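Every number here is computed from the coordinates shown, using simple stated rules; none is lab data. Worth saying up front: this structure is predicted, and the values here are computed from it rather than measured. No Cβ is skipped: glycine too gets one built from the backbone with ideal geometry, and neighbour counts run over all protein chains shown.
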Amino acid sequence: MKKNLKTPTKIVGKRRQGFLVKMASRAGRKLLARRRQKGRKRLSI
């Protein structure tokens, strides 16, 4: 039986919106900087 496509998985989340993906682009690095400035405990997934 096929898996439900809407069910989120950790590995897919990390691939699409993980820390390394965000570090790869300029906009992503700015996003992380904003979250650091705000004092977020978790910067990304």
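Checking each residue in region 9-31 for being outside any helix (DSSP H, G or I) and surrounded by fewer than 10 Cβ atoms within 10 Å (Cβ to Cβ) picks out only T9.
How about region 32-45: which of its residues are surrounded by fewer than 10 Cβ atoms within 10 Å (Cβ to Cβ) and part of a helix (DSSP H, G or I)?
Kept after step one, since they are surrounded by fewer than 10 Cβ atoms within 10 Å (Cβ to Cβ), are these residues of region 32-45: 37-39, 41-42.
Correct list: Q37, K38.
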